[in-house]
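K.L.:
Pasting in a structure now, in structure tokens, and then I'll have a few things to ask.
FYI, it's all coordinate maths here, none of it is from the lab. Small disclaimer: the values here were computed from a predicted structure and weren't measured. Note that each Cβ is placed from the backbone with ideal geometry, even for glycine, and that neighbours are counted across all protein chains shown.
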Amino acid sequence: MTWLGSAVTVVPTEATQQALGYPSLFLLVLIGALVPVVPTGVLVSSAAVVAFHQATISLGMVFLTASLAAFCGDVALYWLGRRGMRSKNGSRWLEAIRSRAPEDRLAQAQEKLAEHGVAVLVLSRLVPAGRIPVMLACLLAKWPTRRFVRGNLPACLAWTVTYQLIGILGGSLFKEPWEGVVAAVVLTVVVSAAPSVWKRVRGPEKA
């Protein structure tokens with residue numbers, strides 16, 4: 001009877017972890033896509049560490065959940081931005097997008113978008129602080145939502161793969177999951193900060 005009791009105890013625990021883990025990851029990444037106050041890259045990397053160490057959490061499900069959440073959040077924000085563009089008085093969502101896109105980054109995004117099109121949208125999620133300026137550039141270029149969706153799907157998939165690989169790397173370095181999470185967080189911060197640090201070290205570009 002001991003093994004039966006153990007089995008009965010384990011099944012609800014695994015089911016509970018999955019029932020709470022995936023919806024929580026989806027919700028947090030979705031919120032982070034709409035209002036970038038949640039460090040979504042850290043969330044995906046940390047979830048990948050947990051999945052790497054625990055059989056109850058699937059790396060495949062983490063990938064699908066995070067990709068879908070990021071995609072839904074981006075599309076929703078773009079749709080809200082388009083509504084603001086069509087409105088005479090704008091909208092708070094459009095203003096929020098504008099406030100997160102500095103003029104220099106927006107100008108650079110518009111230039112690259114005109115030259116390379118959808119490819120810039122795909123890369124924008126991989127560049128720290130690159131997503132919002134490119135999204136605003138798409139809005140100002142009056143891209144229809146359907147065109148944005150086609151470019152945003154591979155962007156979200158590439159973004160999820162990148163941060164999941166960071167999590168897997170962090171998880172593979174240590175035996176304990178919490179150590180892997182710490183390593184993944186550090187790696188994520190380093191990857192996110194590297195372009196800004198390099199830009200400061202290099203100094204302003206000469207005309």
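K.L.:
For M61 paired with A129, estimate the spin-label separation in nm (one decimal), with each label point 7 Å from Cα along the Cα-to-Cβ line.
P.N.:
So the label points at M61 and A129 sit 3.7 nm apart.
K.L.:
Further, regarding this structure: Students often check this: by mean Cβ neighbours within 10 Å, which of 69-76, 106-113 ranks highest, and how do the rest follow? Each step should come with its number before you reach the end.
P.N.:
On the way: 69-76: 20.8, 106-113: 17.8.
In descending order of packing, they fall as 69-76, 106-113.
K.L.:
Can you pull the Rg over Rh of the range 36-90, Cα-only, Kirkwood?
P.N.:
On the way: Rg = 15.9 Å, Rh = 13.1 Å.
Ratio of gyration radius to Kirkwood radius: 1.22.
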